[in-house]
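Here the structure is laid out as structure tokens; the discussion comes afterwards.
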């Protein structure tokens, strides 16, 4: 698409700014017209969701795109999704609706926030690095790249604090590149990403070769396993090393690429050797002052698969049996952050309002589901299935709810969740405090409302529908919708490598009138199809 190519090509803007502004305006209007002509889904059919969200919303905090402009922004920027499950479909649009609230225009360009009100522990422009990886994975599907282009630069050159909390920065920015296909930004940021990695090594690398982190700085305070050499930080550093090596290859810096491949290999070896408990069959935390792993399985033990760290064929995938075990992490409103069989498991309404010793947290659920999609795509194993992914995503979607005082149920996303009742624990706690906390302190009224601490839409796009982003011109799709579960679904108007994709499944051919089976289109032209609901590839170069 002409518009997408203009968005991605910063050199054109630099040389002819006034001319390009005019061209972008014209081209964007033309591309919208062309997209509409080639699209399978009609944008207006989904406006009802945004109207519903706006009508139910108590808009407490202003932002760059208030509710009055929500639909105007969303119709231009997000992929459309349709499926037979209206609850899942509604949650998809609700999460885009909330993400839009967190795009903030600042003197340093666009940033993405975690909380809407200003919180005391945030840094410049109310940014917090803890969920920033999710911000990139989710926001990479917006049609207009200016938001994440600015956000990426902000973290390293405009006053961001990327090491305030754990943050898989290089991996997340590389994941953004895999969606856009524009290598200019990641290559330009390569030296910044290397310096960031080196700073982590200086502050958190132990003599034994593993990284350590305080559980609170992982965003996981009051955890049972506590601080130490955690699966989280070591997986993040592995993912960043792999990403830096790949970006260095793009930049033609082979020695740097080799250096960071070596770093990644060393972390991988140590995580498998030191953090894997062969008896519990799970990745755990190793305290800094001990040679023994903690005696608890915690949900963050799934994190290594977020980056495809564990070696396939060695049996590590057996850990995934714990996800669906009701004595492990399985619960009706989302996976628990600690195994339920452990005596330290709690769902406390006393003490710290944000505990990671039992409640379900969307941040971890997002990591777990991204990791699970990797397992189902990249590993030969029998421990877990597409049905389990579908069930867990469905539970996650249905947890996005809150019952109002009048009994009405509205879409909602907040902080920590009671995995057995669906109550938003932090909100319940804060609303009962009579010391001004609810209205003024610790971030203001409804601190966690529309909380941007996780992903959801990316899970639908790359997991459920199965678009697997790649650096080359091959479009790979492997839906995790179980066979026989849905007769149809469609993901449309997907901005990918400067093109617009459509992915649809139509079992009978009657729903979309584009033929039976799984079909992939690029700019309205079919590039791949399959009669069955499985992996399929097509080329953008055709």
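See the values below:
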item: Cβ crowding within 10 Å averaged over residues, with 143-154, 358-369 ranked highest first; result: 358-369, 143-154
item: Highest to lowest packing among 213-220, 273-280, scored as the average C-beta count within 10 Å; result: 213-220, 273-280
item: Listed peptides 416-422, 256-262 by packing density, highest first (mean Cβ within 10 Å); result: 416-422, 256-262
item: Gyration tensor (alpha-carbon) shape descriptor, region 462-516, a/c threshold 1.5; result: oblate
item: For region 158-310: rounded, prolate or oblate by the Cα gyration tensor [a/c cutoff 1.5]; result: prolate
item: Fewest-first sequence of 393, 459, 60 by Cβ atoms within 10 Å of each Cβ; result: 60, 393, 459
item: Residue 473 versus residue 378: modelled label distance in nm, points set 7 Å from Cα along the beta carbon direction; result: 2.5 nm
item: Pairwise FRET efficiency - residue 403 versus residue 483, Cβ, R0 = 56 Å, nearest 0.05; result: 0.95
item: FRET E, pair residue 51, residue 76, Förster distance 22 Å, beta-carbon r, rounded to 0.05; result: 0.85
item: Full-extension gain in nm, residue 87 to residue 289, via 0.36 nm per residue minus C-alpha separation; result: 68.0 nm
item: The chain: relative contact order as a whole-number percent, Cα under 8 Å and 6+ apart; result: 16 percent
item: Modelled label reach - residue 273, point 7 Å along Cα→Cβ, region 201-241 residues with backbone N closer than 18 Å; result: 205-212, 229-231, 234-235, 238
item: Region 52-126, relative contact order in percent, only Cα pairs under 8 angstrom and at least six apart counted; result: 28 percent
item: Cut-off 16 Å, label 7 Å out along Cα→Cβ of residue 262, residues of region 204-231 by amide N; result: 209
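Laboratory data are not the source of any read-out in this text; all were calculated from the coordinates shown. Because the structure is predicted, anything quoted here is derived from the model rather than measured. Using ideal geometry, Cβ is built from the backbone for each residue, glycine included, and neighbour counts are taken over all protein chains shown.
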